[in-house]
Amino acid sequence: KRQRNRGRRRVSNSSSRQLPMKETLKNAAEATKNDILSKVFHKGDPNSKLLWGLLRVKIIKCVGLRNLDRLGVASLLMKRQLDKSDPYVLAFIDDYRILKTRHFDDNLDPVFNEEFYCPVAHFTDGITFKVKDKDLAKDESLGKYFLPVSELIKTVDDTDIEKDPNLAPGDLKRVGVHKVVHLNGKKKHGTLEFMVEFIPTRMLSKTMDVPGVYFKQTEGNDVKLYVNADDDGSAPAIKYGGEDNDEKVWTPPRLWRDIYDAICNAKHFIYVAGWSVDTDQYLLRGEELEETLANGKYSPRIGELLKSKSDEGVVVNLMQWDDYSSNFAFPGMMGTFDEKTRNFFKSTKVNSRFMQMVGGESNTMFEGQSKKMAFTHHQKYIIMDSPKAGGDGRELFAFVGGIDLTRGRWDNRKHPLFRSLQSQHKGDTYTKCFNVRDENGPRQPWHDIHSAVRGPEAIHLAQAFEERWTKQGNAGELVSRGRLGFDNEITLKNAGGWCAQLSRSIDSRVNAFDPSVNQTLLDNVASHEGTLDWSLVKEKHTASSRRFETATISRISYRCLDQKKGRLVDNSIHLTNIHHIRRAEHFIYIESQYFMGSSFMWAKDRGVKCGNMLAAEIALKICEKIAAKEPFAVYILLPMWMEGIPQANATQGLLHWQRVTIEAMCQQVEDALDARMASSSDYGLKVSDYLNFYCLGTRETFTGSQTTGTPQTDDEKVLNETRRHQIYIHSKMMIVDDDVALVGTANINQRSMDGCRDSEIMMTSWQPDHLATKESIPKGDVHAFRLHAWASITGQMDELFRNPSSPECVNAVNKIANENWKKYMGNETVDMKSHLLPFPLEFEGGKIQPRKGLINGNFPDTKASVLGKKCLVLPEIFLT
């Protein structure tokens, strides 16, 4: 009878686990994907695992630490009451630091209760916790503890799959450990209490909005997306929408024209935040400039325009980065015109404030001064009141993106080199890539991306301005938005159909965060942890230990802000980029002035403090898609080299760190391709099927040249003959699946992503009626804007561009770039109307090499290596 019942139970259980064929195939594919990823990341090292997801780490307290500060006379004089160790805690994944607490003076039993949220994409054997004593000369070790990654990486078993048929073999569980450990394995060295929770990527949110950050999403906005400061409409037309892609035609907006009109229409206030502002530049050019100067009410010259509005009674507040190297006699190393702007507005009604970055509380005087000089306020945005676009009354109108109101930024897709020196670019000739003079050229062409928003999201931009102004300016100079009716999201909503979410990189040294924002967890963590099935564990070198594992519970408690050394940090730009990379299904398109990070995956120098996760996340996303045999493509547009003379030490150092980042990504993708080909009939797959880097360049013939001098410098002589120049990529943009656009001031490097280096701002925008699915990308305005951006740089609208994840599209884009490269490098000087070029690096044999055809591996018209080299003059923290 028992045997029969067992048999019945087996049949019953088996029947309950049967899945539809589609789900069975899906789970089998998922298991295969997990197997390939395991081969890529776990080969040859049984102790190391891929830790990919989110770590929630809580440093609770230490008890009974050793006193390393017994200094004899001082101890006796102070009766040993104040002369004790000054402890703080750090945590490392291999050589890379993921957190650092504040320190406590003279305390052997410090209670930290500090919580950290650390996105991870690390192949590692574990996490090392270190407790240190802060000293003037050198911090000393109070002890450490190593947590093996095997305690956090647990895969689902048959029982889990039986409970949830959506699980597949190889899926990771959510795991938490809570320990009180003896430091160095010795009771006399004291204890550290901590909790670590690992949530794998599959259990994290895939929503459009980013959870757990300072600014929440808003609805009912109207968003504009811009290519360059001026868009002359000469790019091929973009039709989009509907089954036949012909419902609408994209109308390119014009950024500086829109900014001029918006400032002219402001009635109550204008707030301007910039890295650089040049009061002499004109927002309009050509016939528009002449007409406005002759008949317009307001000058389109930036300084005069703001002064005129302030004279009308409009509150004009301008905050600009104060270049620490500039003064009344020297314009500064960065050429931001801060002294010029300060002097221009000194005797006007414009409230101009020039704000420096601030060193850390624990920095030496030299370190503090160095950080003031090295790190910048890099945010660029403008907010003003405006007549409502579609009715009576007034609303908020804001602009945010990569384009400063300064010299060299005005350009369009034609990117003239010599033909505008005495016309559109007279007084605005700018170049930092070569040693040339304004009258001889060439000017440095400029490609950039910007955005604008009307609606409730503009409230958040106004709040961001007010918080910085309050911290480093004078809060009494701010207008009362409440009195003006500009503080209510509901009344400011419009019918634009966009959602938006603001993010920043900034900390409490230079920003006054809203005190009403709850800095404890948004959810009740204690209650949440109480719902988990904790179990006690007996372990060596621990006073107590407990853990939980779950394959299904995905609820997560977040902080609004991160913290470092006890100060509040908003690093939501980093988190937002990671979030949208992880939810990508089809493709990623990036434009960035710099591209470096994920030093933990480099072949060497893994301890360099350049650990932003974006490069690793992109590589892992590609590997995931390769393993799943799903089409996916990443297109990354960078400058040919960073601004500066290319052979200079700083520029070569930047190129070096960028090259090792690209090399690490390519190597990881190649490993995934090898693993897939080894386990299937696929063959001939290569990295460029999935991942490609590009730059822009242009050439022009002598026809129409407006040079007025005779070439004198070596660069002038060479460029007057070759008549070519890179088009400088200054954009900071990512588009994912044509359903979301991330546009702001942050580059892909540690300076921008850290939260404690450069201050940055970014707006993420999407249309909820036009979102991607697993099977297709949408055909909304983000889709149209991306097509317009591609048409602007390629000079064509290829129908293959509509499906960027397809191999056919990848091949088409690469073909265009390669054909343009021949024109750019050829002996014959031609007018280039298509500007996309392949990046001058190639990945072969596991190494990045200079592109074939480059003389001595140098950039065209230079003696500078495309590979770069380590800079021995500047520390990597300033370059990365």
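The values are calculated or read from the model by the stated rules, or taken from the named source; none is laboratory data. Treat the numbers as computed from the prediction; the structure is a model and nothing was measured. Glycine gets a Cβ as well: all are built from the backbone with ideal geometry, and neighbour counts include every protein chain shown. Accessible surface areas use protein heavy atoms only, side chains included; no ligands, DNA or RNA. Shrake-Rupley method; radii C 1.70, N 1.55, O 1.52, S 1.80 Å.
If amide H atoms are built 1.01 Å from N in the plane of the peptide, which residues on other chains or at least 5 residues away come under 5 Å of the amide H of Leu691?
Residues meeting the criterion, in which the H sits 1.01 Å from N, are Val634.
In whole Å, how far is the Cα centre of region 588-625 from that of region 310-325?
Region 588-625 and region 310-325 have Cα centres separated by 37 Å.
Helix 21-41 sits at what angle to the longest principal axis of the chain, using alpha carbons and giving 0 to 90 degrees rounded to 10?
Approximately 80 degrees, to the nearest 10.
Find the centroid of the Cα atoms in region 132-170 and in region 763-816, then give the distance between the two in whole Å.
About 39 Å separates the Cα centre of region 132-170 from the one of region 763-816.
If you stretched the chain out fully between Thr552 and Ser205, how much longer would it get, using 0.36 nm times the residue separation minus the C-alpha to C-alpha distance?
Length gained, Thr552 through Ser205: 123.6 nm.
Write down Rg/Rh for the chain, rounded to two decimals, with Rg from the C-alpha atoms and Rh from the Kirkwood relation over Cα pairs.
0.98
Taking region 547-639 on its own, what percent of its Cα-Cα pair distances exceed 15 Å?
Tail fraction, whole percent: 72.
Quick one: if the Förster radius is 56 Å, what FRET efficiency do Asn827 and Asp280 give, using the C-beta to C-beta distance and rounding to 0.05?
0.90
Based on alpha-carbon centroids, what's the gap between region 837-865 and region 432-471 in Å, whole number please?
Each part's Cα centre sits 31 Å from the other's.
If the chain between Asp158 and Met333 were fully stretched, how many nm would it gain, using 0.36 nm times the residue separation less the Cα-Cα distance?
Working it through step by step, the gained length comes to 56.7 nm.
For the chain, with every protein chain kept in place, what is the accessible area per residue (1.4 Å probe, Å²)?
That works out to 40 Å² per residue.
For the chain, which whole percent of the accessible surface, found with a 1.4 angstrom probe, sits on carbon and sulfur atoms?
The nonpolar share, carbon plus sulfur, comes to 50 percent.
Would you grab the residues whose amide H sits under 5 Å from the one on Leu568? Only those 5+ places off in sequence or on another chain, please, with H modelled 1.01 Å from N.
It is Ser508, by chain and number.
For region 174-216, run through the trypsin sites (Lys or Arg not before Pro) and keep only the ones in DSSP coil with at most 15 other Cβ atoms within 10 Å of their Cβ.
Lys186, Lys206, Lys216
Classify region 606-709: rounded, prolate or oblate, from the alpha-carbon gyration tensor (a ≥ b ≥ c, eigenvalue square roots; a/c under 1.5 rounded; otherwise prolate if a/b is larger than b/c)?
oblate
Once you place label points 7 Å from the Cα toward the Cβ at Thr470 and Glu439, how far apart are they in nm?
Output for this residue pair reads 5.3 nm.
From the backbone phi of region 616-631, what are the Karplus-calculated ³J(HN,Hα) couplings (6.51 cos²θ - 1.76 cosθ + 1.60, θ = phi - 60°) in whole Hz, Gly and Pro given as x?
My calculation for region 616-631 gives 5, 5, 5, 4, 5, 4, 4, 4, 4, 5, 4, 5, 7, 6, 10, x Hz in order.
Assign one of three labels to region 183-235, namely rounded, prolate or oblate, based on the Cα gyration tensor with a ≥ b ≥ c the square roots of its eigenvalues; rounded applies when a/c is under 1.5, prolate when it is not and a/b is larger than b/c, and oblate otherwise.
Judged from the Cα gyration tensor, region 183-235 comes out prolate (a/c at least 1.5, a/b above b/c).
Could you work out how far apart the two model spin labels at Ser806 and Leu484 are, taking each label as a point 7 Å from the Cα in the direction of the beta carbon, and quote it in nm?
The answer from the label model is 4.9 nm.
Let a ≥ b ≥ c be the square roots of the eigenvalues of the Cα gyration tensor of region 667-719; is it rounded (a/c under 1.5), or, if not, prolate (a/b larger than b/c) or oblate?
prolate
Rounded to the nearest 0.05, what FRET efficiency is calculated for Thr251 and Asp45 with R0 set to 56 Å and r the Cβ-Cβ distance?
0.55
List, in order, the whole-Hz ³J(HN,Hα) value for each residue of region 378-387 obtained from phi through the Karplus relation with A = 6.51, B = -1.76, C = 1.60 and θ = phi - 60°; use x for Gly and Pro.
9, 5, 9, 7, 9, 10, 8, 7, 8, x
At 0.36 nm per residue, minus the direct Cα-Cα distance, what do Glu219 and Val111 gain on full extension? Give it in nm, one decimal, please.
Roughly 34.7 nm would be gained on extension.
Where in region 264-363 are there chymotrypsin sites (Phe, Trp or Tyr not before Pro) that are in a DSSP coil and have at most 15 other Cβ atoms within 10 angstrom of their Cβ?
Here the sparse-neighbourhood loop sites are Phe328.
For Thr722 and Arg851, what does the FRET efficiency come to when R0 = 22 Å and r is the distance between their Cβ atoms, rounded to the nearest 0.05?
That gives a FRET efficiency of 0.80.
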